[in-house]
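Okay, so here's the structure we're looking at.
Each value in this text was obtained by applying a stated rule to the coordinates, not by laboratory testing. Note that the structure is a prediction, hence the values are computed from the model and not measured. Here Cβ is always computed from backbone atoms with ideal geometry, including for glycine, and neighbour counts include all displayed protein chains.
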Ligand code: TYM
């Protein structure tokens, strides 16, 4: 891969536009909230054009029960709105309703090199210990679809958690190769936005593992649907070490569980890690954990309540997703058509 691209932030002549996506492949976690949703809403409030997507085409790269997929897609959309996303200001839709994603992904499949795909660590992680030959072709090609999601809007910025960094580097490489292959300056070189204290929220049971909806232990994560009691109990039982909190941020080094809880506190409170350490220097976890639990409940419970309220009216969620898809399609189609012209495809159908 030509990763020179990931080092420099290339200024582009493209209009600033943000795109990001979340898979409806399970319930959402505190990691999704702090690493993605909360930041997505902040971007909307910065006045940049924002496009957000429940990526159902990505979800089916591993088997999904159809009823659950529909439910989880609506629940994800409800989480966006409950977290503060305004569907009138941002575009919110589900990926499969805008066919340009899949069409551009095919063109990108023909630009992307097998060697690049072979280096994708997420495919390796998802098939580790399993028979990789039995994985779907979709799972393997997944990062190419992700590049298409972003490029079909000429998006210039993508807020994500740390785990998506390699996919965004690949997106840059695909855009650069397409532009070089066809002698154009058509696709922007996207900028990953991986910022803040919670770009990698870790498991509550093991501070070296990412908090994930697919972890078999429910105790390892806080779900956006957890009750207040459940949230407090999970934080109380979170793994820690026996030392009090350090006097300086450097003191968190080699203390992954302590660092994780401090990062979560900082992100929920909107403080820097430095501030949290100053406030709790020398505190025992017996003091810090209840404070974190209170903060987490205060921030998350209103979101959970709003999600539940929205989920009582699935028709309204579908209407919002449909309207979002119409608006997304209006941006994506002309970009897809210009791509086809560049590639040399005849477009002569009327209507
Ligand atoms: P997904 O569905 O796994 O996660 C959605 C977003 O949540 C972030 N995230 C986390 N952030 C911090 N700590 C964690 N423990 C944590 N877990 C998840 C992810 O980084 C992500 O930002 N491939 C993507 C979906 C996707 C996409 C895209 C994203 C498809 N097309 C185009 C951006 C642009 C994924 O599986 O995210």
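A few notes on this one:
- Region 55-194: C-alpha gyration tensor shape, a/c 1.5 cut-off, then a/b vs b/c: oblate
- Highest-fluctuation residue, 315, 324, 161 considered, GNM on the chain with Cα pairs under 10 Å: 315
- Beta bridge orientation in the chain: antiparallel %, DSSP, nearest 5: 10 percent
- Cα-Cα P(r), region 144-210, percent of pairs per 5 Å interval: 4, 17, 23, 20, 13, 9, 7, 4, 2, 1, 0
- Neighbour-count ranking [beta-carbon atoms within 10 angstrom, fewest first] of 112, 208: 208, 112
- Note on residue 283 and residue 122: with the Förster distance fixed at 41 Å, the Cβ-Cβ geometry gives a FRET efficiency of about 0.65.
- GNM result for the chain, Cα springs below 10 Å: residue of 84, 183, 31 fluctuating most strongly: 183
- Calculated FRET value between residue 313 and residue 15, using beta carbons and R₀ = 25 Å, to 0.05: 0.15
- Cα long-axis angle, helix 137-151 against the chain (0 to 90 degrees, to the nearest 10): 80 degrees
- Gyration tensor (alpha-carbon) shape descriptor, region 231-344, a/c threshold 1.5: oblate
- Between region 231-249 and region 42-65, the Cα center-to-center distance that results, in Å: 32 Å
- Descending semi-axes in whole angstrom, ellipsoid equivalent of the chain, from the Cα gyration tensor: 36, 23, 19
- Rounded to 10°, Cα long-axis angle of helix 256-269 versus longest principal axis of the chain: 80 degrees
- For region 145-214 versus region 330-351, the gap between their alpha-carbon centres in whole angstrom: 25 Å
- Counting other Cβ atoms within 10 Å as a rough exposure proxy, the listed residues 301, 96, 348 run 348, 301, 96 from fewest neighbours to most.
- Of 114, 336, 139, the one that fluctuates the most in a GNM where the chain has Cα springs shorter than 10 Å: 114
- Between helix 100-109 and the chain: long-axis angle, C-alpha atoms, 0 to 90°, nearest 10: 80 degrees
- For region 21-123: rounded, prolate or oblate by the Cα gyration tensor [a/c cutoff 1.5]: prolate
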